[in-house]
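Derivation of every value follows stated rules applied to the coordinates shown; laboratory data play no part. This structure is a prediction, so every number in the text was calculated from the model and none was measured. Here the Cβ positions follow ideal geometry from the backbone for every residue, glycine too, while neighbour counts run over all protein chains shown.
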Amino acid sequence: MAEEFQPSVILLDLMLPQMSGEEVLDQLRSNPKTKNIPVIVWTALFQQEAERAKVEQKADDYVIKTEIMPGELVKKVEEMMSK
């Protein structure tokens, strides 16, 4: 869908029903048509440092759901959209 619709930003959870968010992120970054779409990983998962660092390198931002207020998340999305 990202390839077809070309969104301004993607808010991506790591826990998805059919594949992991990390797999989705890998697919987005490997596709020339989607590799430049900003991605904010928004998750409730507390990953180990190495796993988190790997995801953070691919994403434009990484947010833990319990550590951010909704208004702050909206601000991050708006900032990404304005770039």
Whole-Hz ³J(HN,Hα) from phi, Karplus 6.51 cos²θ - 1.76 cosθ + 1.60, for the range 19-24, glycine and proline x: 8, 6, x, 5, 5, 4
Sequence-separation-based contact order of the chain, relative, with Cα cut under 8 Å and 6+ spacing, percent: 32 percent
Sequence ranges 30-37, 65-72, ranked by mean other-Cβ count within 10 angstrom, highest first: 30-37, 65-72
Qualifying chymotrypsin sites (Phe, Trp or Tyr not before Pro) in the chain, DSSP loop, other Cβ atoms within 10 Å at most 10: F46
Lysine pair number, Cα distance threshold 17 Å (strictly under), the chain, separation 8 or more or different chains: 8
Top positive-direction residue, dipole computed over the chain with Cβ charges, set V39, G71, M81: M81
Only Lys, Arg (+1) and Asp, Glu (-1) charged, at Cβ; the chain dipole about Cα centre in debye: 180 debye
Sequence of V77, V55 once ranked by neighbouring C-beta atoms within 10 Å, starting from the fewest: V77, V55
